[in-house]
1. Against the definition (at pLDDT below 90 and not small (G, A, S)), how does T69 come out, yes or no?
2. Give the residue that is farthest from C14 (Cα to Cα), with candidates limited to residues of segment 24-46 that are among the aliphatic types (A, V, I, L, M) and modelled with pLDDT of 90 or more.
3. In segment 49-92, how many are in contact with a helix residue (DSSP H, G or I) (Cβ under 9 Å, 6 or more places away or on another chain), farther than 17 Å from V12 by Cα and of a type in the set (S, T, Y)?
4. Show me the helices (runs of 4 or more DSSP H) entirely contained within the chain in which 2 or more residues are among the aliphatic types (A, V, I, L, M), surrounded by fewer than 14 Cβ atoms within 10 Å (Cβ to Cβ) and within 23 Å of the chain's Cα centre (by Cα).
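The values are calculated or read from the model by the stated rules, or taken from the named source; none is laboratory data. Predicted, not measured: the structure shown is a model, and the values here were computed from it. Because the Cβ atoms are built from the backbone with ideal geometry, glycine has one as well, and the counts that use them run over all protein chains shown.
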Amino acid sequence: MVICTGLIHMCVYCAVGELLVVRYEEIYNAVYECEWHTLKSQEAKNLILLMVRTNKPLYITAGKILPMTISTFCSILKTSGGYISVLLANRN
């Protein structure tokens, strides 16, 4: 029961982390495709700052080591499955 709860929590964190990365990419693309030449000078400068900030993705991390994304969650599940199969094989 505890393992299932931990996996559900990790899945939620990874899903939110993935959503955050995707939204950052969408913001970057929206700013890139914006018609900045029709804006005022200060607004165009603000768009440049926004592009610079969203150029590097924002990650939720586990201990500042692993980014919490769906690919990380899948990797953790595959590794855990491998460990469990080795432990079950050695149990007999």
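1. On the way: at pLDDT below 90: no; not small (G, A, S): yes.
Answer is no for this residue.
2. Narrowing segment 24-46 to residues among the aliphatic types (A, V, I, L, M): 27, 30-31, 39, 44.
Now narrow it down to the ones that are modelled with pLDDT of 90 or more: 27, 30.
Numbers: I27: 20, A30: 24 Å.
Per the criteria, the residue is A30.
3. The total comes to 2.
4. Numbers: elements: 2-32, 41-55, 70-91.
In the chain, the matching helices (runs of 4 or more DSSP H) lie at 2-32, 41-55.
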